[in-house]
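What follows is one structure encoded as structure tokens, with my remarks underneath.
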Amino acid sequence: MSARRVAWLLAAGLAVIAFAIWLSSRRHLERDMAAGALVLPGLHQDVNAVTTVTLRKGDGTHATLLKDGSVWRVQERGWTADVGKVRKLLLDLGALNIVEEKTRLPANYPQLGVEDVSSPKATGTRVDIAAPGRTWAIIIGKPSGGKSGYVRVATAPQSLLPRVGSITRCSMSPWRASARSRSIPFPASASPSPATRRSRPTLP
């Protein structure tokens, strides 16, 4: 083999190695950008523009919160909703940031509680949020430890583990501003039981 051919093969090998290093760094950068990114981009800035919040569960339970001027109402009952609780829900959802990605496999969604709520067996709660010219939809799944829980943007296959401490500790009280209500509360508010903490799913 001639010296020129050896030099050419060496140069080609170095080029392949350089490309592999560049590709690996790009993938690492993408992962770094995903970690810490907002789950629902734009919601935090548009909280005051939100006009409708709809919550649905697989068993058919649902609540529609409508903004009427400065007042929020529970559409199904005509009750005045607790403005502070609605605003806290929106701010908490807008502040969700990704800790890590979890499963993309629909067969594994039930383990995290992020399956589509069209199934009567679904355990999560879908939250649809609407503002003029903008919508967001997220499925809130099972808690994972004291300061996190599983979620999935309803239109995306990737489930996520965000940092959601304030949401998992949210009160289970109803949306109605006064005494009693049968409208559904925010889904992921109950603190996880010790059994739940021990059985945290590990998925691909």
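Read the figures in this text as sums done on the coordinates, not as results from a lab. Note that the structure is predicted; figures quoted are calculated from it, not measured. When we count neighbours, we look across all protein chains shown, and the Cβ atoms used for this are built from the backbone with ideal geometry, even at glycine.
Annotations
- Residue in the range 89-133 that is surrounded by the fewest Cβ atoms within 10 Å (Cβ to Cβ), counting only those that are under 18 Å from T64 (Cβ atoms) and among the charged types (D, E, K, R): D128
- Only residues that are over 24 Å from R134 (Cα atoms) and more than 17 Å from the chain's Cα centre (by Cα) were counted in the range 61-107, giving 6.
- Residues satisfying the stated conditions in the range 94-139, i.e. β-branched (V, I, T) and either part of a loop (DSSP other than H, G, I, E, B) or without any contact (Cβ under 8 Å) to a residue 40 or more places away in the chain (or both): T103, V114, V117, T123, T135, I139
- Scanning the range 41-59 for residues that are of a type outside the set (V, I, T) and part of a strand (DSSP E or B) gives L55, R56, K57.
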